[in-house]
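The values are calculated or read from the model by the stated rules, or taken from the named source; none is laboratory data. Not measured: the values here are computed from a predicted model. Virtual Cβ from ideal backbone geometry, glycine too; neighbours counted across all protein chains shown. Side chains included, ligands, DNA and RNA excluded: accessible areas come from the protein's heavy atoms. Shrake-Rupley method; radii C 1.70, N 1.55, O 1.52, S 1.80 Å.
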Amino acid sequence: MNKIFTISTVVGVSLAISSMATAQNRIEFKEFELDNGLTVVMHRDNTTPIVAVSVMYHVGSKNENPERTGFAHFFEHLLFEGTENIGRGEYMKKIESIGGTLNAYTSNDVTYYHEVVPANYLETALYMESERMLHAKIDTIGVETQRSVVKEEMRQRIDNQPYGTILQETFKRTHLVHPYKWPVIGSMEHLNAATLDEFMQFYRTYYVPNNAVLSIAGDIDYDETEAWVRTYFSEIPVGIGTINRPTVIEPRRTEETRDVVYDNIQLPAVIQAYNLPPKKHKDSHALSMLSTYLTGGKSSLLTKEVVDKQQKAVALAAFPLDLEDGGVFLLYGIANMGVSADSLEHAIDEQLEKVIANGISEDDFQKLKAQVENDVVSQHASVAGIAESLANAKTFFGDANEVNREMDKYNQVSRADIQRVAEEYLGKNGRVVLYYLPKPANGE
C-alpha cells in the first residue's frame, strides 16, 4: 500500500492528498477550523454537478441526562421546524424546491444532518445549516408539534412493529451501567416532563460549532467554499454549556443472560448479543469481517447452512454495532414455520462453534476480502457517502484521513484474527440471548 502524506499550508489549514497510484480508492480532502471551533472538511469531485453538505454533531443518546432521555433524537426532528429567518415548516420545502434532498439521523453517539443539492445551490445549503446552528426556532409550538411526531414514530416503529423492540430489549441487558442502556428514541414521559428552558439549554450546549464537523463533498471550488463557510459560520459563538462525555465503563460480563420477550409476531426469533470494545479498538475490523462472513450475502456461512440447507430460519443477520464506548455484536434469526427458538439457537451456535474451533478456509477468506473491499468502495461511490465518512472519521478518530486507512486496516486482518475474535468475543459466557415468542392467544 502507498503511503498517505500531508502538506501543511496556511495556519489552520491542511491538505491531505492520497497517493495517485490508488486514487480511485483514496479520498483527497482539505480541512480547516474556524476560531469558534467548527471543523470543516471539504472534498472536491467535479464529475457530477451536485454537492453534499452535512453537519455531524457529537451528541447522541449517551450524552443525555438519565431523567431526560430522548433529547438528542427529539432535536433531530426539532431542528427542521425552522429558524428565526426560515419560516416554520419551510426548511424542507426550501431544499426540495431547489431540487435537493435532505434527511437526518440520531444514534447513541451522534446526530447527523445532510442534504444533497445542485452544485450552484451550495451557498444556499451552507446558509441553511448555519441558520440551524445559530438561529433554530425552539418554542412551545415547535416542541408540542414534535412531541406528537415522536409519539407517532414510537408507535409505528417500535410499539406496533413486529420485532420492533429488539434493540431496546437487548441494550438494557447488555449495558447495565453505561448510558447506552436506554433507547435512542428515549422516554415519552421524560419528553413530556421537559420544560422549554431545558430544551433551550440542550441546544446551546450541544448544537454548537465546537461540537460539530461540517463536511462538504462534490462539485466545489475549495477557495469559494471556504469563503462561504467563513461568511455564514464564523459569527456563531462557541457553546458555553458543559458537554457531558460519559466516562463510565461497562463491566465485562462473565455469565450468560437469557430472557423471553412476548411480541405481536407469528414466527419466533432468536437474538444473541455480545459486548464489544470501543469503536477505535484494534479488533473492530476483524469483527466487521466476521459479521460479513457469517451473514453478508447469499453465500455467507449462516445463510448457506441455517437458512438454505437446514431451513431453520427465514432470515438471519449479524452486525457489529461498533459504538464509541463499546457496542454489541448483534446476531438475530427469525425461525421458519414450525421451528422452535431453541432449535434455531442450537443451529446458529453449532456454526459459531465451528468458526471458533476451525476458523475459515483460505478460499472463503479471499472471497471475504474481495467482498469487504467492494463494500468500502461502494460506501464512497457517492458524494453523500464520502461526506458522511469524512465526518465520521473526524468525529470519532480526530483525523479525517482515517477514511484513507480503512482498507489498509481491513487488509491487515488475517484468517487467524477472524478466528481469534470469534473465540474472544462470541463466547457463551457474558452474552445475552433473547427469545422473541408470539403472545399467547388468550392475551396473558
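Would you check if Asn392 is part of a helix (DSSP H, G or I), more than 30 Å from Leu434 (Cα to Cα) and free of Cβ contacts under 8 Å to residues at least 40 places away in the same chain? Against the criterion (part of a helix (DSSP H, G or I), more than 30 Å from Leu434 (Cα to Cα) and free of Cβ contacts under 8 Å to residues at least 40 places away in the same chain), Asn392 does not qualify. Taking the stated definitions as given, is Val383 open to solvent by less than 30 Å² (accessible area, probe 1.4 Å), within 17 Å of Asp322 (Cβ to Cβ) and among the hydrophobic types (A, V, I, L, M, F, W, C)? Taking the combined requirement at face value, the residue does not satisfy it.
The rows are residues; the columns are (1) of a type in the set (A, V, I, L, M); (2) touching a residue at least 12 places away in the same chain (Cβ under 8 Å); (3) open to solvent by less than 20 Å² (accessible area, probe 1.4 Å).
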{"residue": "Asn46", "(1), (2), (3)": "no, yes, no"}
{"residue": "Val53", "(1), (2), (3)": "yes, yes, yes"}
{"residue": "His58", "(1), (2), (3)": "no, yes, no"}
{"residue": "His73", "(1), (2), (3)": "no, yes, yes"}
{"residue": "Leu78", "(1), (2), (3)": "yes, yes, yes"}
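Scan the stretch 115-138 and report the pairs whose first residue is free of Cβ contacts under 8 Å to residues at least 60 places away in the same chain and whose second residue is of a type in the set (Asp, Glu) and open to solvent by 20 Å² or more (accessible area, probe 1.4 Å), with Cβ atoms within less than 8 Å and a gap of 6+ or a chain change. Final answer for the pair search is Glu131/Glu84; His135/Glu84; Lys137/Glu84. Close Cβ contacts (under 7 Å, 6 or more residues apart or on different chains) running from residues in the stretch 238-260 that are within 9 Å of Asp325 (Cβ to Cβ) to residues that are open to solvent by 60 Å² or more (accessible area, probe 1.4 Å) comprise Val248/Val177; Glu250/Val177. Check the stretch 325-335 and report whether any residue there is in a helix (DSSP H, G or I), at pLDDT 95 or above and small (Gly, Ala, Ser). No: zero hits. State whether the residues of the stretch 25-41 include one that is assigned to a strand (DSSP E or B), touching a Leu at 6+ places or on another chain (Cβ under 7 Å) and either of a type in the set (D, E, K, R) or open to solvent by 20 Å² or more (accessible area, probe 1.4 Å) (or both). Taking every residue of the stretch 25-41 in turn, at least one turns out to be assigned to a strand (DSSP E or B), touching a Leu at 6+ places or on another chain (Cβ under 7 Å) and either of a type in the set (D, E, K, R) or open to solvent by 20 Å² or more (accessible area, probe 1.4 Å) (or both).
Can we say Val372 is surrounded by fewer than 14 Cβ atoms within 10 Å (Cβ to Cβ), closer than 22 Å to Thr295 by Cβ and under 20 Å from the mean Cα position of the chain (by Cα)? No. Which ones in the stretch 414-442 are farther than 20 Å from Leu330 by Cβ and among the hydrophobic types (A, V, I, L, M, F, W, C)? Once the filter is applied, which keeps residues that are farther than 20 Å from Leu330 by Cβ and among the hydrophobic types (A, V, I, L, M, F, W, C), the stretch 414-442 yields Ala416, Ala441. Ile334 satisfies every condition listed in (1) under 26 Å from the mean Cα position of the chain (by Cα); (2) open to solvent by less than 20 Å² (accessible area, probe 1.4 Å) except (2).
Scanning the stretch 101-124 for residues that are of a type in the set (Asp, Glu) and either open to solvent by 20 Å² or more (accessible area, probe 1.4 Å) or out of contact with any Leu (no Cβ under 7 Å at 6 or more places or on another chain) (or both) yields one hit, Glu123. Go through the stretch 422-440 and give me each residue that's part of a helix (DSSP H, G or I) and either of a type outside the set (A, V, I, L, M) or farther than 19 Å from Glu350 by Cβ (or both). Of everything in the stretch 422-440, those that are part of a helix (DSSP H, G or I) and either of a type outside the set (A, V, I, L, M) or farther than 19 Å from Glu350 by Cβ (or both) turn out to be Glu423, Glu424, Tyr425. Hey, does the stretch 56-68 have a residue that's touching a helix residue (DSSP H, G or I) at 6+ places or on another chain (Cβ under 6 Å), among the hydroxyl-bearing types (Ser, Thr, Tyr), within 30 Å of Leu191 (Cβ to Cβ) and assigned to a helix (DSSP H, G or I)? For the stretch 56-68, residues touching a helix residue (DSSP H, G or I) at 6+ places or on another chain (Cβ under 6 Å), among the hydroxyl-bearing types (Ser, Thr, Tyr), within 30 Å of Leu191 (Cβ to Cβ) and assigned to a helix (DSSP H, G or I): present.
Of everything listed in (1) open to solvent by 60 Å² or more (accessible area, probe 1.4 Å); (2) more than 30 Å from Arg44 (Cα to Cα); (3) aromatic (Phe, Trp, Tyr), the single unmet condition for Tyr127 is (2). Among residues of the stretch 148-163 being in contact (Cβ under 8 Å) with a residue 60 or more places away in the chain and of a type outside the set (A, V, I, L, M, F, W, C), the one that is most open to solvent (accessible area, probe 1.4 Å) is Asn160.
A count restricted to the stretch 235-264 and to residues that are open to solvent by less than 70 Å² (accessible area, probe 1.4 Å) and farther than 29 Å from Leu437 by Cβ stands at 7.
Filter the stretch 113-166 down to residues that are acidic (Asp, Glu) and in contact with a strand residue (DSSP E or B) (Cβ under 9 Å, 6 or more places away or on another chain) and give me whichever is nearest to Glu224 (Cα to Cα).
Glu129
The number of residues in the stretch 126-175 being over 22 Å from Tyr435 (Cβ atoms), out of contact with any Gly (no Cβ under 8 Å at 6 or more places or on another chain), part of a helix (DSSP H, G or I) and of a type in the set (Val, Ile, Thr) comes to 5.
Assessment of the stretch 305-319 against the conditions (open to solvent by 30 Å² or more (accessible area, probe 1.4 Å) and within 18 Å of Gln419 (Cα to Cα)) yields at least one matching residue.
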